Amino acid sequence: MSEFVRVETAGDVAVIVIENPPVNAFAAPVRAALLAAIERVDADHAVRAIVLHGVGRNFVAGADLREFERASVAPLLFEVLRRVEACSKPVVAALHGATLGGGAECALASHYRCASRDLQFGLPEVKVGLLPGAGGTVRLPRLVGVKQALDMMTSGDPIGLERATELGIVDKAVGDDIRSEAIAWAAELATTGAPVRRLRDASIPDASAATPAWFAQYRETMPRAARKLPAPERIVQCVEAAVNLPFDAAMGKARELFEPCRTSAESRSLRHLFFAERGAPVQGEIRPVASVGVIGSGTMGAGIAISLATGGYSVTLIDANATALEAGLQRIRTTIDASAKKGRLSADAAAQAIARVSGSGDFAALAIADLVIEAVFERMSVKQEVFAQLGRICKPGAVLATNTSTLDVDAIAAASGRAQDVVGMHFFSPANIMRLVEIVRGRETSDAALATAAAVTKRIGKLGVIVGNCFGFVGNRMLYAYGREKELMLLEGASPEQIDRAMQEFGMAMGPNAVGDLAGLDIGASVRREWRGKPDDPRFYRISDLLAERGRYGQKTGAGFYRYEGADKKRTNDPEVAALIQGEAARLGVAQRSLADSEIVERCVYALVNEGARILDEGIAGSAADIDVIWCNGYGFPRTRGGPMFYADTVGLPQVLEGITKYEREQGTRYWSPAPRLVELARADRRFTE
Ligand code: NAD
C-alpha cells in the first residue's frame, strides 16, 4: 500500500485504486506502487480478476512531465505495464475522463477496457515533442491497425467514447458509477472464465499492407510542419518497427528512440510552453457573468461576440452604425453556421449560440450587462466617449473592458468615472480563432475586475495572460522592436522576400512583411500617427509608412510589400518596391549592403529578447514564461523554440548579450543598449526561465 495506490477488494475482485491528485499522473512513486500492487494481487489466490481505477475526474492523464527534465527513474512505465499485461488474471481498466499518454498506454496493457461517456482517450506525446514510450507505439497498431494508430499518435488528438468503441479500444460502455460497473464486469469475466487478452500476443490486422512504400507515402501525407520535426518521424519509425519486428524488439526500438526525443531542444521548448500556458492562478473575487455587451461590430467585435456566444454567454452587440451592426450580426451567423458544417460544434449548439446574440443601436441595452467589451475605432477620443457613457449606463460592479491594441488603458478608464472596474482585454485577430488574450491591469484596476476578465477568458477556451499597461502592452510593444529591425534592414539592403524567407526558416509562421500586408499597412501607419512616444528617427518604420502613403495597403489593395494579382491573388515579388526602398535609403543616407540570413534572424530575435527583458524589468509581464506564451500564441513564434525568452536561454544569455553588445557598437545605443535584466542574468550565468 502507498499514499498513491491502494488495493481494495470486492468479493474476488481486487480493485487497484490510483489516487494522485489532481489528474493521477504516473509519477515515479505511483509507478512503483502500481507495480507492487499488481504483483501482490497476481499472487493472491483469493483474487480472480482485477480492476484498475483512477479516483477523481479521470483515470490517468499521463506521465508527470516535470520528471522528463531529468533521466528517467525506475521503475519505468513500460516495465510496470509489461507486468500489468503479464498478469495471470483478467485486468479490467475502468476508464473515465482524461485517459491520456501513459494512462492510455496503461489501458492498452490491460486485458479489457470499459469506459464512461466523458472518456478522452489519446496519445498526445507528440504535442510535447515526445513519442509514446511505454508500449503505445507497439500495442495500439495491434488493436486498431497501422493507419489509425499512426493518425492518433502523430496528431496527438484524443477521441471520445463513441469513436473509441468503434475502434475496439473500449469493449464496454458503462454509466457514471464506473467503479461498481467495472467490478461487476470483472466478476462476470472471472465467473465465465474469460481469458486474459494480451495485445503483445496479437497480430497487427493490416500489417501486410504496411509496406515500406506505404510508410513512405504516409510520411508524405503528414502536415508539412510535422514532417520537419523529430517526434512525428520517430513515431512512424516505431510503428514500422512494430510491423517488422517481434514485440520485444519493437519495444526496445521505441525505448531507444524515446531518449533523443526527451533531450531534444524541441521537446524541452514544448514542455516549457505546456507549463507556461497553465499560468498562475489569478487572485481576486470572480464576479458572476451571464450577459456580456460588445461595442463595435467590426472585425474584432464580431469575432469576440462569436467566442462569447459559443462559450455560453448571452451577448448584446452594439454599433453606432446600423449597417455595420447588421453586417456584424450576419457575419456572426454565417461564421457559427460554417463551424457547425465543419463539425466543430453540433447543429444544435450552433443554433443556441446564434440565439444568444442580439443587436442594438442603443447603449441603454447595456444596463443589464455584467461585462462590456469595447471594440470601437482605435482613437482615444472615441474610446473615452464610449467609456463615459458606460460609466453612466452600466450597473454597479459591471466589468468594463477595452480591446485597444495600443492606447493607454488608464486614460480610457479615467473617462468612465469607475476606473477600478476597467480592464484591458486585448484579443487577437481573428478573435474567434486566436486563443490569446492579453488581460491588461490598469493603475486602478481592482483584483475582482481582473479575476473576472480572466475567468471569462478561460471559460471561452482562450489563454489569458495578465500584463501591465504601456504602449502595445507586451505583444505589440515587442512587435515594434522586431518590426523596427526588419524595417532598418530593408533600408540597409535586405529585400522583403529575403527577410520573410529567413524568418520563416527560423520557424515564424509568416514573415514580417507578409504579415504587414495581411494586417493592412494603413492600420499600422495610423497607429504610429497616434503614438506619442514614437522614436524620433526618420528611418523608423519608414518603408511601411512609405508603402501606405502610396496606397499600397497590402493584400486588400492588391499591393503592399508584395503584389497580389490574378484570380488567386498569388503573392509575387515587386521590383517597384525594391526601387522604392533603394530610393528611400539614398534619401536617408543609409548605405546598402548585402545581409546574411543569420544577421536578419539574430537582429529580429535579439531585438525581441532585449525588449522582453525590459518588459520584465518594468514589471509589465509577470514572467518570461508569460512573454513566451504571448509570442507563441499571438505572433506565430515557433512553439518548438519555446518563445523568445526560452529561446534566448537555449542560446545562452552570455552569448545573447555578446550579440546585443556587438549591435550596440555597430548600430548605436538608440535601440541596442542591453536591458539591465539581461546583463544581470548573463553575468550570473542564469536564465530568464528557470
Ligand atoms: P473596425 O473598424 O472593424 O470596427 C469598429 C466598429 O466600431 C465599426 O463597426 C464602427 O461602426 C463601430 N464604432 C465606432 N465608434 C463607435 C461608437 N462610438 N459606438 C459604437 N460603435 C462604434 O475595427 P476593428 O479592427 O474591429 O478594431 C476595433 C478595436 O480592436 C480597435 O481598438 C483595435 O485597435 C482593436 N484591435 C484590432 C485588431 C485587428 O487586428 N483588427 C486586433 C486587436 C485589437
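The values are calculated or read from the model by the stated rules, or taken from the named source; none is laboratory data. Since this is a predicted model, take the numbers as computed values, not measurements. For neighbour counting, all protein chains shown are included, and Cβ atoms are generated from backbone atoms with ideal geometry for every residue, glycine included. Side chains are part of the model used for accessible areas, which takes the heavy atoms of the whole protein and leaves out ligands, DNA and RNA. Shrake-Rupley method; radii C 1.70, N 1.55, O 1.52, S 1.80 Å.
Name the pairs whose Cβ atoms lie under 7 Å apart, with the first residue in segment 221-233 and part of a helix (DSSP H, G or I), the second among the hydrophobic types (A, V, I, L, M, F, W, C), and 6 or more positions between them or separate chains? Here the result reads Pro230/Cys261; Ala231/Val126; Ala231/Leu130; Ala231/Leu131; Ala231/Cys261; Pro232/Val126; Pro232/Met222; Pro232/Ala226, each pair linking segment 221-233 to a residue that is among the hydrophobic types (A, V, I, L, M, F, W, C). Reported count of residues in segment 549-577, each being in a loop (DSSP other than H, G, I, E, B) and either at pLDDT below 95 or among the basic types (Lys, Arg) (or both), is 6. For segment 157-183, the set of residues classified as more than 21 Å from Arg57 (Cα to Cα) and not acidic (Asp, Glu) consists of Leu167, Gly168, listed by residue number.
Every condition in (1) over 28 Å from Ala209 (Cα atoms); (2) away from the ligand (no atom under 16 Å from the Cβ); (3) under 20 Å from the mean Cα position of the chain (by Cα) is met by Arg227 except one, and the failing one is (1). Figure legend. Inter-residue proximity from segment 291-311: first residues closer than 11 Å to Val372 by Cβ and open to solvent by less than 10 Å² (accessible area, probe 1.4 Å), second residues more than 13 Å from the ligand (Cβ to nearest atom) and not in a strand (DSSP E or B), beta-carbon distance below 8 Å, spacing 6+ or different chains. Indicated pairs: Val292/Leu308; Val292/Tyr313; Val292/Ala369; Val292/Asp370; Val292/Val456; Gly293/Ala369; Val294/Leu308.
Let's see how each residue does on (1) among the aliphatic types (A, V, I, L, M); (2) closer than 26 Å to Ser291 by Cα:
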| residue | (1), (2) |
| --- | --- |
| Ala448 | yes, yes |
| Lys458 | no, yes |
| Glu487 | no, no |
| Gly493 | no, no |
| Glu497 | no, no |
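Within segment 133-170, the set of residues being open to solvent by less than 60 Å² (accessible area, probe 1.4 Å) and charged (D, E, K, R) comprises Arg139, Arg142, Asp151. Among the conditions (1) open to solvent by less than 10 Å² (accessible area, probe 1.4 Å); (2) farther than 30 Å from Glu602 by Cα; (3) within 26 Å of the chain's Cα centre (by Cα), the only one that Ala413 does not satisfy is (3).
Which residues, counting only those in segment 534-548, are part of a loop (DSSP other than H, G, I, E, B) and of a type in the set (D, E, K, R)? Hits for segment 534-548 are Lys534, Asp536, Asp537, Arg539.
Restricting attention to segment 249-269 and to residues that are without any contact (Cβ under 8 Å) to a residue 24 or more places away in the chain and part of a helix (DSSP H, G or I), the residue that is surrounded by the most Cβ atoms within 10 Å (Cβ to Cβ) turns out to be Lys253.
Evaluating Ala32 against the criteria (1) closer than 24 Å to Glu181 by Cβ; (2) surrounded by 17 or more Cβ atoms within 10 Å (Cβ to Cβ) leaves one unmet condition, (1). Kindly indicate whether any position in segment 415-432 is touching a helix residue (DSSP H, G or I) at 6+ places or on another chain (Cβ under 8 Å), polar (S, T, N, Q) and within 10 Å of the ligand (Cβ to nearest atom). Yes, some residue in segment 415-432 is touching a helix residue (DSSP H, G or I) at 6+ places or on another chain (Cβ under 8 Å), polar (S, T, N, Q) and within 10 Å of the ligand (Cβ to nearest atom). What about Leu488, is it within 16 Å of the ligand (Cβ to nearest atom), out of contact with any Cys (no Cβ under 8 Å at 6 or more places or on another chain) and at negative phi? No. The residue of segment 55-95 that is nearest to Leu123 (Cα to Cα), among those that are aromatic (Phe, Trp, Tyr) and open to solvent by 30 Å² or more (accessible area, probe 1.4 Å), is Phe78. Taken as a whole, the structure places Thr191 among residues that are loosely packed, with under 12 Cβ neighbours inside 10 Å and among the β-branched types (Val, Ile, Thr).
Could you say whether any residue in segment 456-478 is within 16 Å of the ligand (Cβ to nearest atom), part of a loop (DSSP other than H, G, I, E, B), open to solvent by 10 Å² or more (accessible area, probe 1.4 Å) and among the charged types (D, E, K, R)? Within segment 456-478, one or more residues are within 16 Å of the ligand (Cβ to nearest atom), part of a loop (DSSP other than H, G, I, E, B), open to solvent by 10 Å² or more (accessible area, probe 1.4 Å) and among the charged types (D, E, K, R).
Mind listing whichever residues of segment 315-350 are in contact (Cβ under 8 Å) with a residue 40 or more places away in the chain and β-branched (Val, Ile, Thr)? Val315, Thr316, Ile318, Thr335, listed by residue number.
Of all residues in segment 433-452, which are open to solvent by 50 Å² or more (accessible area, probe 1.4 Å) and away from the ligand (no atom under 14 Å from the Cβ)? Selection gives Arg441, Arg443, Glu444, Asp447. Picking from residues in segment 500-515 that are of a type outside the set (A, V, I, L, M, F, W, C) and not in a helix (DSSP H, G or I), the one that is farthest from the ligand (Cβ to nearest atom) is Gly507.
The residue that is most open to solvent (accessible area, probe 1.4 Å), among those in segment 516-533 that are part of a helix (DSSP H, G or I) and more than 11 Å from the ligand (Cβ to nearest atom), is Arg529. Each residue in segment 386-414 was checked for being outside any strand (DSSP E or B), within 11 Å of the ligand (Cβ to nearest atom) and either out of contact with any Ser or Thr (no Cβ under 7 Å at 6 or more places or on another chain) or closer than 18 Å to Asp370 by Cβ (or both), and 9 of them qualify.
Report yes if Leu131 is under 20 Å from Arg227 (Cα atoms), assigned to a loop (DSSP other than H, G, I, E, B) and not β-branched (Val, Ile, Thr), otherwise no. Judged against the criteria, Leu131 is a match. Restricting the search to helices (runs of 4 or more DSSP H) fully inside segment 644-690 and requiring at least 2 residues that are crowded, with 23+ Cβ neighbours inside 10 Å and not basic (Lys, Arg) gives 644-651, 653-667, 676-683.
One residue stands out in segment 193-213 among those that are touching a residue at least 60 places away in the same chain (Cβ under 8 Å) and among the hydrophobic types (A, V, I, L, M, F, W, C): the one that is nearest to Val236 (Cα to Cα), namely Ala210. Among the residues in segment 185-203, are any of a type in the set (Phe, Trp, Tyr) and within 30 Å of Gly97 (Cβ to Cβ)? Yes, there is a match, as at least one residue in segment 185-203 is of a type in the set (Phe, Trp, Tyr) and within 30 Å of Gly97 (Cβ to Cβ).
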